[in-house]
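The values are calculated or read from the model by the stated rules, or taken from the named source; none is laboratory data. Source: prediction; values computed, not measured. FYI the Cβ positions are ideal-geometry reconstructions off the backbone, even for glycines, and counts take in every protein chain you see. For accessibility, only protein heavy atoms count, side chains too; no ligands or nucleic acids. Shrake-Rupley method; radii C 1.70, N 1.55, O 1.52, S 1.80 Å.
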Amino acid sequence: MIAPNGKGPSPITEGPHCQARVDPLAALRAPDEPPWDVYLTGTVFLDIIFTGLDSAPVRGTESWARGMGSSPGGVANMATALARLGLRTSLAATFGDDHYGEYCWDALEQGEGIDLSPSRTVPGWHSPVTVSMAYEGERTMVSHGHEPPPEEPAPECPPRARAAVASLTPGRRAPWIAQAAAHGTRVFGDVGWDDTGAWDLAGLADLEHCEAFLPNAEEAMRYTGTDCPRAAAHALTEHVPLAVVTLGAEGAYAVDRRTGESAEVPAIDVEAMDPTGAGDVFVAGFVTGTLAGWPLADRLAFAGLTAALSVQEFGGSLSAPGWSEIAAWWRRVQSVEGQDPAALRRYAFLERLIPEEAARPWPLRRAVPTIGFRPA
């Protein structure tokens with residue numbers, strides 16, 4: 001098989017738990033390259049996910065869920081998704097010294113091969129927890145946690161990396177973002193809901209250091225004062241070179257100011273079990289394609305595919321697909337009778353990315369009802 005840029009094969013290596021891993025950047029690697037493909041920092045939660053609810057919980061009643069899983073959450077969603085796509089991922093996070101913290105650390109470092117050398121464990125600090133209830137294709141979350149004590153001394157400039165994913169906070173700068181960008185790291189920014197209600201792009205001061213900005217449609221329209229997500233994407237390119245707006249069931253739309261190119265890819269219709277972490281998986285897929293130098297439409301299609309595969313599992317971080325599942329989907333979808341030829345052509349780029357060996361299954365960790373069981 002030929003790598004995306006036509007230079008050679010995408011090799012398969014052995015990762016944690018003997019999982020074969022495709023390296024999408026193999027043909028681009030050089031001796032003087034940064035040690036990490038992507039750097040992240042943020043809060044790791046212990047996620048407890050309930051699925052199979054018929055409706056939202058009703059006040060004063062008890063609801064029973066048909067499924068339950070536990071997994072690392074928060075920034076772990078993004079880190080795991082990146083690592084499972086073969087990117088060398090480094091994470092700076094704070095972990096509690098309780099069983100939840102130990103479980104999350106082991107799941108990320110040993111289970112997913114994520115570098116945790118910039119991370120730390122804080123004695124006496126308990127792990128943040130999120131309970132997520134999935135129903136009707138949506139989810140409701142309740143979280144609890146406390147800010148960890150400040151680190152002394154202050155952390156140094158983040159490690160050299162090809163890219164970083166940053167969650168932008170209205171009204172507040174994160175100094176590491178400017179530091180990373182100054183050292184050549186390509187910063188991809190996402191954002192959460194603006195609880196202040198200001199929706200002022202000037203308040204996202206670190207956007208000036210970003211190569212790409214990836215809000216959802218509602219966020220994009222509110223920040224730009226437009227009533228169309230596609231118009232919002234074009235407006236955002238006045239502030240950042242590349243704008244990617246997710247459109248929910250309609251897919252995603254992107255505009256690249258540097259090339260004048262735009263692209264739109266429809267969503268893949270799947271039955272969603274749990275949408276927790278799907279947005280993070282989308283960003284991870286888009287970052288992977290961008291670093292590998294794929295065309296804009298291919299990056300959007302790949303990001304949407306990885307997100308669609310993730311919602312068919314539950315558990316946030318541990319629902320993220322690996323190359324085995326991507327390969328299995330591509331082989332399976334080609335065998336479906338009556339498949340739209342145009343839709344198949346949209347994903348034909350996968351053929352040159354997936355070596356035959358990647359089609360064999362390997363054991364990805366999934367969310368489990370409880371933690372602490374010892375291997376048999």
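Test of understanding: among 196, 185, which residue is of a type in the set (Val, Ile, Thr), more than 15 Å from residue 239 (Cβ to Cβ) and modelled with pLDDT of 95 or more? Full working, then the answer.
On the way: 196 fails: modelled with pLDDT of 95 or more.
Of the residues listed, the single one that is of a type in the set (Val, Ile, Thr), more than 15 Å from residue 239 (Cβ to Cβ) and modelled with pLDDT of 95 or more is 185.
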Search segment 256-296 for residues being open to solvent by 20 Å² or more (accessible area, probe 1.4 Å) and acidic (Asp, Glu), and hand back the single one that is modelled with the lowest pLDDT.
271
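Among the strands (runs of 3 or more DSSP E) lying completely within segment 39-128, list those that include at least 3 residues that are among the hydrophobic types (A, V, I, L, M, F, W, C), in contact with a Ser or Thr (Cβ under 8 Å, 6 or more places away or on another chain) and within 20 Å of residue 188 (Cβ to Cβ).
Filter on segment 39-128 gives 89-96.
Given the options 129, 38, name the one that is of a type outside the set (Gly, Ala, Ser) and closer than 28 Å to residue 325 by Cα. Walk me through how you get there before you give the answer.
Working: 129 fails: closer than 28 Å to residue 325 by Cα.
Going through 129, 38 in turn, the sole match is 38.
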Spot the failing condition for residue 132; the list is (1) of a type in the set (Ser, Thr, Tyr); (2) exposed (fewer than 13 other Cβ atoms within 10 Å of the Cβ); (3) closer than 21 Å to residue 52 by Cβ, and only one is missed.
(2)
Would you check if there is a residue in segment 56-66 being modelled with pLDDT under 95, open to solvent by less than 60 Å² (accessible area, probe 1.4 Å), closer than 30 Å to residue 159 by Cβ and not polar (S, T, N, Q)?
no
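What's the total number of residues in segment 293-303 that are farther than 11 Å from residue 244 by Cβ and within 16 Å of the chain's Cα centre (by Cα)? Please lay out each step first, then the result.
Keep residues of segment 293-303 that are farther than 11 Å from residue 244 by Cβ, which gives 293-295, 297-298, 301-302.
Imposing the further condition that a residue be within 16 Å of the chain's Cα centre (by Cα) reduces the set to 301-302.
Total satisfying the criteria: 2.
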Counting only residues that are of a type in the set (Lys, Arg) and farther than 18 Å from residue 261 by Cα, segment 184-243 contains a total of 2
Identify, please: which residue in segment 297-320 is closer than 16 Å to residue 249 by Cα and among the polar types (S, T, N, Q) and is, among those, surrounded by the most Cβ atoms within 10 Å (Cβ to Cβ)?
310
In segment 4-29, the residues that are modelled with pLDDT of 50 or more and open to solvent by less than 40 Å² (accessible area, probe 1.4 Å)
21, 22, 23, 24, 25, 26, 27
Does any residue of segment 354-365 turn out to be part of a helix (DSSP H, G or I), at pLDDT 80 or above and surrounded by 12 or more Cβ atoms within 10 Å (Cβ to Cβ)?
no
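Quick check: anything in segment 150-161 at pLDDT 90 or above, open to solvent by less than 50 Å² (accessible area, probe 1.4 Å), under 18 Å from the mean Cα position of the chain (by Cα) and at negative phi?
Among the residues of segment 150-161, at least one is at pLDDT 90 or above, open to solvent by less than 50 Å² (accessible area, probe 1.4 Å), under 18 Å from the mean Cα position of the chain (by Cα) and at negative phi, which makes the answer yes.
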So, first residue under 25 Å from residue 289 (Cα atoms) in segment 64-84, second residue in a helix (DSSP H, G or I) and open to solvent by 10 Å² or more (accessible area, probe 1.4 Å), Cβ within less than 6 Å, six or more apart or across chains; the pairs are 77/280; 78/280; 81/280
